[in-house]
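Structure record follows, encoded as structure tokens.
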Amino acid sequence: MLSILKKEITSYLSSLVAYVTIGVFLLVLGLLLWVYPESSILDYGYAGLDSLFNNAPYLFMFLIPAITMRSLAEERKEGTFELLLTRPLSDWQIVLGKYFASVLIVLFALVPTLVYYYSVYTLGEPQGNIDTGGVIGSYIGLFLLGSSFAAIGLFASSITKNQIIAFTIAVFLCFFIYSGFDSLSTLLSLQNLNLEDLGITGHYQSISRGVLDTRDLAYFIILIGVFIGCTLVSLLKQQQKSYKDKYVLGILGVLLIVEILSNITFTRFDFTKEKRYTLSPVSRGLMDSLKLSVKVTVFLQGDFPGGMKRLQRATKDMLSDLQAYSHGKLRFEFVDPIKGLSTDAQDQAIQSLKANGLEPTFLSVKTDDGLSQKLIVPGAFVTVGGKQLPVNLLLKRIGLSDDEQLNISIQNLEYAFSSAIKKAETGGKPQIGFTTGHNELSDLQLEDGMKSLADGYEVGRIDLKLIPFDSLKKIRLVVIPKPDKPFTELEKFKLDQYIMQGGRVLWSIDQVSAELDSLRGHGGEQLAFNKQLNLDDQLFVYGVRINYDLIADISCAQIPIATGAVAGQPQIQMVPWLFYPLLMPLSKNPIVKNLEGIRSEFISTIDTLAIKDVKKTVLLASSPYNKKISAPHMISLQAIEQEPNPKEFQSAPKTVAVLLEGKFTSDWKNRPLPEDLNEPIKPLQQSKPTKMIVISDGDVFKNQIKADGSAYDLGFDHYSNQTYGNKNLLLNIADYMTDDSGLIALRNKEIQLRLLSRARIRSEKLYWQIINTVTPLFLVLIFAIFQHYMRKRKYAH
């Protein structure tokens, strides 16, 4: 076999056709990767070789058949195959020798592409900002693909004496096995047969990310084994040699065992630096325990710029990873929701998606005439048993570049899909109760927040006075949204014992009475005074104190102010309002990680106290440009006219939201029970492990009201047309407080943003285009000259 291998390699590399074929392959590949804007690495802007591994398969479909077409066809045509049979070589040794020679030549053609790796490594921002492990894993995928095409090409060469026919058959087979099964699987009558699993595309794309799944490896081994076996059978038949069926059945049996074992005991090797394709044990467990079929419809189909392509690819990768552990219960598809529709139908489709919870966005797309705006829907629907949940894939955060926003969106994909699948599959929804009876926010002011929660929770209002304690204990999370009247001792006791039983509470409290509407209705002035809610002692025992003050912050939202009238029409101007601090989440806690800015109104400072067995995590804080104002204090709209003095607003960030976790001491420890308690409650002195969140702003979960009396989306400020992260904050809190499986921790996933240096690309673009199109050809030319010189020297005498 070794002698056949050496003979094949020497014979091929001594031919001018070999170098022309490889040269054309490298030239076309170089142009695709570095010159043509649609697939250019330089235009893509990310430090990776995704374009190489996406385009190489289609060039392989022509390169490898060109390499293999002469392997057996020429031997048979020239009559030299009979000479081989006179040597002490078996048929399988001849076939394997020629096969491995073809594989080595394919590797020889790939070696010059390492220049691309060097270029991306050099152009990285900072230099070297490329995932080397991921590139190695992707090259493994390309090697397996090339090996498979070599086996297919060898088979095609064995069934004909004509090299052109062998080339044509090989190209057809390579193309059909690579993508033909995917096309067949879209036919209505064949959709349920999973024909795409027989094709190469899915298996190659899985490995080309940098992840080696033993099931994909087994697929390529079986594919190679089948075509090498077919080649051997074809040669034996041509020689009219007999072969025993049991040998064929034995080979098929071995391949079948490989397939079965790979599916029963599969494992995955993630070569990427951040292990970004390694699912958490929580997600794997969730997929492994799926009882119902899950369908995911993603609306990210079409031609997008580089950044959105990256999100599209990452979404497909994440769903493929989840599918790998779902035992076939997870299916997904990518669709374009407006393709082929009229303008009116497109508007209706977009409005329908929006009404169902998805957020369309405009995307700037480069055209020959400049930039054009394209409306896309970067979201998905997760459907389980007739229940449908929306998943918004594109996260937005104020102050971050488009690339950074895309990166945090990709980081969030595992949590977004796993959380939606869990909520859609879970039969019983956790209960969330918003308190009433103390002039809390109304149903209309809470409408969008409660509606958004209703997708995964059973949401309603509760009156602590009236609700039986046994019913209160069944509620997973109690939300106290901006009470304005004091709590009675009975209500406090029931709330305390609810916490002692392991209940979770979200306190959204205003300690100071101040409202913008009141300011406008009282000549532009209002006295901000302390509220009497009768909660201070209880919160103090739990380890937190909301102070009677207000925070004025230079980092703030804007409010509309009438600045006069023109032609009888009032003129409205948006101006910063220091008492509406804009809170930028900096904590790594999954509740607030990667959230956009949070809009607040008349917020107070929070102090935390040293309480044993209670862990405290600051979730939100003001900016460093703030000033604390103690209440009571006269607030005036005239302050808008005065430019704030920066020196007065330099202070350490003030805590405004804190997470408390652990075992809390009862506020009723060593105290008599309330006199009006009329149900048997055995008081506990210390709580079971539980958690609560305290936010010193009662309006943080209040949605604005439209002129027609309906509600705006929570977090949307219709004056500035800006959407803040208040809704996502509420949803994240609900997930964190009600789910003990650890799914929320998936939001801590970190993926490094790998960009190319835009400055270097602008100034050196032509240089790198020449380097990457000419250098690989130059390397092949040098090798050809060297090989010719060595051959001439060897046979000169």
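For region 684-785, rounded, prolate or oblate, judged on the Cα gyration tensor with a ≥ b ≥ c (square roots of eigenvalues), a/c < 1.5 rounded, else prolate if a/b > b/c?
oblate
Among ILE770, LEU539, HIS438, flag the residue with its Cα farthest along the positive direction of the charge dipole of the chain, charges on Cβ as +1 for Lys/Arg and -1 for Asp/Glu.
Among ILE770, LEU539, HIS438, the one farthest towards the positive end of the dipole of the chain is ILE770.
Roughly how much of ILE572 is accessible, in Å² to the nearest 10, using a 1.4 Å probe?
110
Can you sort VAL35, VAL254 by 1.4 Å-probe accessible area, starting with the largest?
Heavy-atom accessible area, descending, gives VAL254, VAL35.
Would you please put 160-169, 266-275, 62-71 in order of how densely packed they are, using the mean number of other Cβ atoms within 10 angstrom per residue and starting with the highest?
62-71, 160-169, 266-275
Return one number: the angle in degrees, 0 to 90 and rounded to the nearest 10, between the long axis of the Cα atoms of helix 306-324 and the longest principal axis of the Cα atoms of the chain.
80
Compute the signed sum of charges (Lys and Arg +1, Asp and Glu -1) over the other residues within less than 12 Å, Cβ to Cβ, of LEU184.
Result for the neighbourhood of LEU184: -3.
Run the accessible area of the chain with a 1.4 Å probe and give the carbon-and-sulfur part as a rounded percent.
After summing per-atom areas, the C and S share lands at 58 percent.
Between SER352 and LYS682, what is 0.36 nm times their sequence separation minus the Cα-Cα distance? Round to one decimal in nm.
113.7 nm
Suppose only helical runs count, i.e. DSSP H with n ≥ 4. What mean residue ellipticity at 222 nm does that imply for the chain under -39500 (n - 2.57) per run, divided by all residues and rounded to the nearest 500 deg cm²/dmol?
-13500 deg cm²/dmol
List the lysines whose alpha-carbon lies under 22 Å from that of LYS647, not counting same-chain residues fewer than 8 positions away?
LYS627, LYS628
Rank VAL575, SER157, VAL614 by how far each Cα sits towards the positive end of the charge dipole of the chain (+1 on Lys, Arg Cβ; -1 on Asp, Glu Cβ) and give me just the farthest.
SER157
Per-residue counts of other Cβ atoms within 10 Å, averaged by peptide: what ranking do you get for 496-505, 727-736, highest first?
Highest to lowest by the protection proxy: 727-736, 496-505.
Counting DSSP beta bridges in the chain, what percent are antiparallel, to the nearest 5?
75
Among PHE175, LEU255, SER587, flag the residue with its Cα farthest along the positive direction of the charge dipole of the chain, charges on Cβ as +1 for Lys/Arg and -1 for Asp/Glu.
LEU255
Looking at this model, which pairs from LYS531/LYS616; LYS588/LYS654; LYS329/LYS688 are more than 29 angstrom apart at the alpha-carbon?
Pairs exceeding 29 Å: LYS329/LYS688.
Just to confirm, what accessible area per residue do you get for the chain at 1.4 Å probe, in whole Å²?
46
Tell me the angle of helix 2-13 to the major Cα principal axis of the chain, expressed in degrees between 0 and 90 and rounded to the nearest ten.
90
Determine the relative contact order of the chain: mean sequence separation of Cα pairs under 8 Å and six or more apart, normalised by residue count, in whole percent.
Relative contact order, the chain: 13 percent.
Translational D (Stokes-Einstein, µm²/s) of region 423-554 at 4 °C and 1.567 mPa s when Rh comes from the Kirkwood sum over C-alpha pairs?
79
Within region 410-436, list the residues whose amide N lies under 12 Å from a label point set 7 Å along Cα→Cβ of GLN301.
No residue qualifies, since no backbone N sits under 12 Å from the label point.
With labels modelled as points extended 7 Å from the Cα through the Cβ direction, what inter-label distance (nm, one decimal) is found for VAL774 paired with ILE561?
Computed distance between label sites VAL774 and ILE561 equals 6.3 nm.
So how much slack lies between LEU527 and LYS161, counting 0.36 nm per residue of separation and subtracting their Cα-Cα distance, in nm?
122.0 nm
Mind giving me the FRET efficiency for GLU641 and TYR712? R0 is 35 Å, r the Cβ-Cβ distance, nearest 0.05 is fine.
0.75
Where does each of 475-486, 756-767 land if you order them by average Cβ count within 10 Å, highest first?
Most protected by this proxy first, the peptides run 475-486, 756-767.
For volume of the Cα convex hull per residue in Å³, one of [x] 223; [y] 151; [z] 164 was computed from the structure I shared and the rest are decoys. Which label?
[x]
Roughly how big is the chain's charge dipole about its Cα centre, with Cβ charges of +1 (Lys, Arg) and -1 (Asp, Glu), in debye to the nearest 20?
Dipole magnitude for the chain comes out near 3260 debye.
Specify whether the C-alpha gyration tensor of region 470-613 places it in the rounded, prolate or oblate class, a ≥ b ≥ c being the square roots of the eigenvalues: rounded for a/c under 1.5, otherwise prolate if a/b is larger than b/c and oblate if not.
prolate
Can you give me the distance in nm between label points at PHE540 and LEU753, each placed 7 Å from the Cα along the Cα-to-Cβ direction?
Taking the simple label geometry, PHE540 and LEU753 are separated by 4.6 nm.
So if R0 is 41 Å, what FRET efficiency would ASP182 and LEU781 give, r being the distance between their Cβ atoms, rounded to the nearest 0.05?
My answer for the efficiency is 0.60.
Order CYS230, CYS556, CYS174 by their accessible area, 1.4 angstrom probe, all chains in place, largest first.
CYS230, CYS556, CYS174
How much length is gained on full extension from PHE175 to HIS633, taking 0.36 nm per residue of separation minus their Cα-Cα distance?
157.3 nm
What's the FRET efficiency of ASP288 with LYS316 using the Cβ-Cβ distance as r and R₀ = 22 Å, to the nearest 0.05?
Calculated transfer efficiency: 0.55.
Given +1 on the Cβ of Lys and Arg, -1 on the Cβ of Asp and Glu, and no further charges, what dipole in debye does region 659-797 carry about its Cα centre, rounded to the nearest 20?
1960
Loop only per DSSP, at most 14 neighbouring Cβ atoms within 10 Å: give me the chymotrypsin sites (Phe, Trp or Tyr not before Pro) in region 694-727, ordered by residue number.
Counting only loop positions with at most 14 other Cβ atoms within 10 Å, the chymotrypsin sites (Phe, Trp or Tyr not before Pro) in region 694-727 are TYR719.
Measure nothing fancy, just the Cα-based angle from helix 343-355's long axis to the longest principal axis of the chain, in degrees from 0 to 90, nearest 10.
60
The values are calculated or read from the model by the stated rules, or taken from the named source; none is laboratory data. This structure is a prediction, so every number in the text was calculated from the model and none was measured. Cβ atoms come from the backbone with ideal geometry, glycine included; neighbour counts cover every protein chain shown. These area figures cover heavy atoms from the full protein model, side chains too; ligands, DNA and RNA do not enter into them. Shrake-Rupley method; radii C 1.70, N 1.55, O 1.52, S 1.80 Å.
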